[in-house]
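A.B. asks: Here it is, the structure in full.
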Amino acid sequence: MKALTLFDLAFRSMRKNIKHYYLYFFALIFSVVLYFVFATLQHDPAVLAQNEQMSTAFLAAGILLIFIAGIFVVYANSIFLKRRSREIGLYQLIGLKKRVVARLLVIENFLMGIAALVLGIIVGMLVSRVFLLLLMKLIGYDLMIDVSFSMTAVIQTVFVFIGIFMFTTIQMISTVYRNTLLSLFNTEKTGEHPKKPKTRNAAFLAILGIALIVLGYLISDNMLNDLFLFNILAVLASIGVGTYLIFRVTIGWVFYKIRDGKAGHLGLSNSLSLAPLMHRLKGNANSLTIITILSAMTLTMLAGAYSFYYATEHETRSQMPFDFIFEKNETEATELSKEFDEKGISYTHGAIDLLVLFGRMEEGAMPVPSNELYIAIVSDKQLQQAGSDIEAPADGSAIFYSTSSISMFRDVIEMPLTLHLADDEKTTIEIAEYAEGNSINGTMLYSQLVVNESTYEQLKDQFTATGQAEMSRVDGFTITDSADLEAASEIYVQRYNTSGHIDYYSAYQRAIETNGLLIFISGFLGLVFLISTGSILYFKQMTEAEQEKKSYGTLRQLGFSVKDIMRGIIKKQVFVFGLPLVLGLVHAIFAIKVLSSFFQSDIAFAAFVAMAMYTLIYLIFAFLTVGYYRNTVKNAL
């Protein structure tokens with residue numbers, strides 16, 4: 001009889017234990033495909049031709065993807081090793097030395113790694129075109145493109161995953177050398193004998209967990225003040241610790257109270273739901289907390305990216321109400337008008353005089369100390385002649401416009417308020433409204449006060465006479481037909497853009513490129529993260545199903561039907577997937593509420609889309625888990 005080599009033993013072990021290997025193998029292939037797609041896009045000529053910064057963005061995102069994929073693979077490997085702990089113990093029991101068992105696992109890991117790399121790169125090459133087409137669509141590039149094979153991407157992917165495989169190899173060797181035979185055979189039983197929590201301590205910590213989360217929510221409602229950075233840290237700390245205590249103490253304490261209330265008579269359904277959860281809460285608290293917090297952060301990131309992209313036109317127009325402006329350059333404004341007339345481009349043009357001076361809002365008007373503002377006072381009549389529909393109050397008060405950093409406080413500033421203008425007589429003017437966007441293009445770097453014509457003339461006479469303000473002139477153009485915007489922009493950029501003021505169409509194109517790239521990377525990474533966390537929960541539940549298979553067989557022998565047993569299992573899955581889902585959604589709602597302060601437009605729809613996708617992914621994994629449990633219960637006999 002031919003003696004078996006380690007390679008032979010490794011092949012036999014892999015064939016016989018395919019049900020243990022496929023989870024880890026799936027995790028490897030999934031991670032390789034995702035990273036190879038990113039590496040391909042990073043080095044693709046079509047991407048580099050658009051903007052070299054895109055390649056840098058993909059490089060940075062790739063590093064984050066390595067982190068996510070690495071955690072996913074290492075976690076899948078730990079579950080894989082736990083499910084094979086008895087097998088590893090048996091190898092040692094029949095006389096194989098730890099050194100030999102470790103070499104066997106290393107060979108298996110090497111073979112799976114090679115196979116995963118080959119299959120992952122092949123699949124990645126097939127799907128790369130789909131992702132490249134999606135990216136180009138998002139950034140507004142409509143021409144036909146082809147994905148070129150990138151040897152650089154292949155080499156980069158191989159080197160990255162060699163690093164990850166080395167880490168998992170160390171993990172395997174550590175499992176062999178650090179565990180005794182007894183611990184290997186008892187691995188599946190760990191965490192099954194929980195200690196009853198001390199009543200007072202548990203009650204205090206349980207309530208503290210809820211209180212910390214509520215405190216974090218309250219702080220998030222008042223984030224925008226001079227302690228903004230401290231508030232961010234306080235919210236993260238209180239919600240993070242509170243969430244951990246919810247999973248680590250609060251839920252267990254509530255379950256013990258339920259059990260005590262039933263005098264220990266839980267019944268079949270509760271025995272299959274509450275009891276397993278109580279037994280494994282300690283081991284699951286860390287992972288559930290991390291999944292919940294990072295899911296909330298991911299949802300916030302997705303909502304922000306989605307809002308940036310779909311509000312690009314609105315945000316750009318809010319900052320740049322005129323398609324073109326000339327500052328103190330009447331000659332070029334006249335020449336542009338003539339060229340537009342020659343090209344048949346219809347437009348509205350008007351000259352706007354600006355009264356430029358310094359001012360300061362009254363103390364206490366904003367949540368942060370009020371700094372000196374560089375202000376341009378504008379007549380609503382001149383704006384209307386230039387094509388704007390702004391109309392200032394007739395009583396002499398003003399409308400305030402600014403998209404600078406103070407715009408994040410627009411919704412919390414109480415109106416009306418007093419603005420002090422910089423002069424010896426301390427002239428003040430009442431601001432009746434803080435309007436959205438700018439009244440003149442934001443490239444002018446002024447905050448703007450729009451007043452009626454008579455008020456403007458009065459202030460102009462007063463401040464120019466004392467030399468405390470300077471006059472400036474802006475020529476504003478608005479293209480009547482949006483179909484002419486691209487042609488008009490080309491004329492402006494090629495011949496008249498000498499003042500440094502970008503035109504609206506060019507600004508919009510830059511923004512759509514940047515935001516398209518942002519939503520692509522954020523959506524890709526967010527989807528990867530949500531699928532990874534859902535898979536981790538799914539893997540854990542599959543492992544628990546295998547561990548409890550004998551119990552299900554016993555219950556079936558006692559006469560309980562599959563339907564009876566599944567009632568309790570479904571209750572358990574509602575908790576396992578439902579609580580992180582609900583907590584993650586609630587955390588995200590408050591985070592998105594803070595994020596909305598940085599947008600001129602409403603991000604509610606974007607947040608709803610991100611949350612719906614998050615919920616759908618978790619529901620899919622929950623249904624897959626229930627299906628796996630159902631098959632396990634059916635096959636228990």
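A.B. asks: Can you find, within the stretch 434-493, the residue that is surrounded by the fewest Cβ atoms within 10 Å (Cβ to Cβ) among those that are in a loop (DSSP other than H, G, I, E, B) and among the β-branched types (Val, Ile, Thr)?
C.D. replies: Of the stretch 434-493, the ones in a loop (DSSP other than H, G, I, E, B) are 435-441, 445-446, 452, 467-469, 480-481.
Adding the requirement that they be among the β-branched types (Val, Ile, Thr) leaves 440, 480.
Working: ILE440: 24, THR480: 12.
Applying the filter and picking the extreme gives THR480.
A.B. asks: Could I ask something else about it? Go through (1) in contact (Cβ under 8 Å) with a residue 60 or more places away in the chain; (2) in a helix (DSSP H, G or I); (3) open to solvent by less than 20 Å² (accessible area, probe 1.4 Å) for GLN573 and report which single condition fails.
C.D. replies: Result: GLN573 fails condition (1) only.
A.B. asks: Give the residues of the stretch 18-36 that are surrounded by fewer than 24 Cβ atoms within 10 Å (Cβ to Cβ) and at pLDDT 75 or above, sorted by residue number.
C.D. replies: PHE25, PHE26, ILE29, PHE30, VAL33
A.B. asks: Also, I was wondering about something else. So if I check each of ILE345, ILE413, ILE406, ILE399, which one is out of contact with any Ser or Thr (no Cβ under 6 Å at 6 or more places or on another chain) and over 30 Å from VAL594 (Cβ atoms)? Can you show your working first?
C.D. replies: Numbers: ILE413 fails: over 30 Å from VAL594 (Cβ atoms); ILE406 fails: over 30 Å from VAL594 (Cβ atoms); ILE399 fails: over 30 Å from VAL594 (Cβ atoms).
Just a single option satisfies the conditions, and that option is ILE345.
A.B. asks: Right, here's the next one. Mind listing just one residue for me: the one in the stretch 96-111 that is part of a helix (DSSP H, G or I) and either of a type in the set (Phe, Trp, Tyr) or open to solvent by 20 Å² or more (accessible area, probe 1.4 Å) (or both) and, of those, nearest to ALA10 (Cα to Cα)?
C.D. replies: Taking the stretch 96-111 and keeping what is part of a helix (DSSP H, G or I), we get 98-111.
Then keep just the ones that are either of a type in the set (Phe, Trp, Tyr) or open to solvent by 20 Å² or more (accessible area, probe 1.4 Å) (or both); that gives 98-100, 103, 106-107, 110-111.
Details: LYS98: 15, ARG99: 15, VAL100: 11, ARG103: 10, VAL106: 9, ILE107: 7, PHE110: 10, LEU111: 9 Å.
Looking at residues that are part of a helix (DSSP H, G or I) and either of a type in the set (Phe, Trp, Tyr) or open to solvent by 20 Å² or more (accessible area, probe 1.4 Å) (or both), I get ILE107.
A.B. asks: Just one of the numbered conditions (1) more than 37 Å from the chain's Cα centre (by Cα); (2) within 23 Å of ALA392 (Cβ to Cβ); (3) of a type outside the set (Gly, Ala, Ser); (4) at pLDDT below 80 is not true of ARG495; which one?
C.D. replies: Unmet for ARG495, out of (1) more than 37 Å from the chain's Cα centre (by Cα); (2) within 23 Å of ALA392 (Cβ to Cβ); (3) of a type outside the set (Gly, Ala, Ser); (4) at pLDDT below 80: (2).
A.B. asks: Looking at ASP411, ASP389, which one is out of contact with any strand residue (DSSP E or B) (no Cβ under 7 Å at 6 or more places or on another chain) and touching a residue at least 40 places away in the same chain (Cβ under 8 Å)?
C.D. replies: On the way: ASP389 fails: touching a residue at least 40 places away in the same chain (Cβ under 8 Å).
Unique residue meeting the criteria: ASP411.
A.B. asks: Being closer than 29 Å to THR348 by Cβ, among the β-branched types (Val, Ile, Thr) and out of contact with any helix residue (DSSP H, G or I) (no Cβ under 6 Å at 6 or more places or on another chain) is true for just one of THR478, THR466, THR554. Which residue is that? Write out each step before concluding.
C.D. replies: On the way: THR466 fails: closer than 29 Å to THR348 by Cβ; THR554 fails: closer than 29 Å to THR348 by Cβ.
One residue alone meets the criteria, THR478.
A.B. asks: For ALA206, work out the one condition from (1) among the aliphatic types (A, V, I, L, M); (2) surrounded by fewer than 19 Cβ atoms within 10 Å (Cβ to Cβ); (3) part of a helix (DSSP H, G or I); (4) at pLDDT below 85 it doesn't fulfil.
C.D. replies: ALA206 satisfies all of (1) among the aliphatic types (A, V, I, L, M); (2) surrounded by fewer than 19 Cβ atoms within 10 Å (Cβ to Cβ); (3) part of a helix (DSSP H, G or I); (4) at pLDDT below 85 except (2).
A.B. asks: Can you name every residue in the stretch 80-95 that is within 22 Å of ALA69 (Cα to Cα) and open to solvent by less than 20 Å² (accessible area, probe 1.4 Å)? Full working, then the answer.
C.D. replies: We begin by selecting, within the stretch 80-95, every residue within 22 Å of ALA69 (Cα to Cα); these are 80-83.
Answer for the stretch 80-95, where residues must be within 22 Å of ALA69 (Cα to Cα) and open to solvent by less than 20 Å² (accessible area, probe 1.4 Å): PHE80, LEU81.
A.B. asks: Can you confirm whether the stretch 393-406 contains a residue that is part of a helix (DSSP H, G or I), at pLDDT 85 or above, open to solvent by 50 Å² or more (accessible area, probe 1.4 Å) and out of contact with any Pro (no Cβ under 8 Å at 6 or more places or on another chain)?
C.D. replies: Kept after step one, since they are part of a helix (DSSP H, G or I), are these residues of the stretch 393-406: 405-406.
Still in the list and also at pLDDT 85 or above: none.
The answer is no; no qualifying residue exists.
A.B. asks: Identify, please: which residue in the stretch 620-637 is free of Cβ contacts under 8 Å to residues at least 24 places away in the same chain and within 25 Å of VAL528 (Cβ to Cβ) and is, among those, most open to solvent (accessible area, probe 1.4 Å)?
C.D. replies: Checked the stretch 620-637; the qualifying residue most open to solvent (accessible area, probe 1.4 Å) is PHE623.
A.B. asks: Further question on the same structure: If you go through the stretch 609-618 one residue at a time, do you hit one that is surrounded by fewer than 19 Cβ atoms within 10 Å (Cβ to Cβ), under 30 Å from ALA435 (Cβ atoms), among the hydrophobic types (A, V, I, L, M, F, W, C) and modelled with pLDDT under 85?
C.D. replies: So far as the stretch 609-618 goes, yes, one or more of its residues are surrounded by fewer than 19 Cβ atoms within 10 Å (Cβ to Cβ), under 30 Å from ALA435 (Cβ atoms), among the hydrophobic types (A, V, I, L, M, F, W, C) and modelled with pLDDT under 85.
A.B. asks: Here is a further query. Filtering the stretch 546-570 down to residues that are open to solvent by less than 20 Å² (accessible area, probe 1.4 Å) and either among the small types (Gly, Ala, Ser) or not in a helix (DSSP H, G or I) (or both), which residue is nearest to ALA303 (Cα to Cα)? Don't jump to the end; show me each part of the working.
C.D. replies: Pass one, the stretch 546-570, residues open to solvent by less than 20 Å² (accessible area, probe 1.4 Å): 552-553, 565-566, 568-569.
Those still in the list that are either among the small types (Gly, Ala, Ser) or not in a helix (DSSP H, G or I) (or both) too: 553, 568.
On the way: GLY553: 46, GLY568: 36 Å.
Looking at the filtered set, the residue picked out is GLY568.
A.B. asks: Looking at THR157, THR152, which is the one that is in contact with a Phe, Trp or Tyr (Cβ under 7 Å, 6 or more places away or on another chain) and modelled with pLDDT of 80 or more? Walk me through it before giving the result.
C.D. replies: Numbers: THR152 fails: in contact with a Phe, Trp or Tyr (Cβ under 7 Å, 6 or more places away or on another chain).
One residue alone meets the criteria, THR157.
A.B. asks: Looking at the stretch 78-102, which of its residues are in contact with a His (Cβ under 9 Å, 6 or more places away or on another chain) and not aromatic (Phe, Trp, Tyr)?
C.D. replies: Listed by number, the residues that qualify are ARG83, ARG84, GLU87.
A.B. asks: Is it fair to say PHE539 is over 23 Å from SER522 (Cβ atoms), surrounded by 19 or more Cβ atoms within 10 Å (Cβ to Cβ) and touching a residue at least 60 places away in the same chain (Cβ under 8 Å)?
C.D. replies: yes
The values are calculated or read from the model by the stated rules, or taken from the named source; none is laboratory data. All of these numbers come straight from a predicted model, not from anything done at the bench. Backbone-built Cβ (ideal geometry, glycine too); neighbour counts: all protein chains shown. Side chains are part of the model used for accessible areas, which takes the heavy atoms of the whole protein and leaves out ligands, DNA and RNA. Shrake-Rupley method; radii C 1.70, N 1.55, O 1.52, S 1.80 Å.
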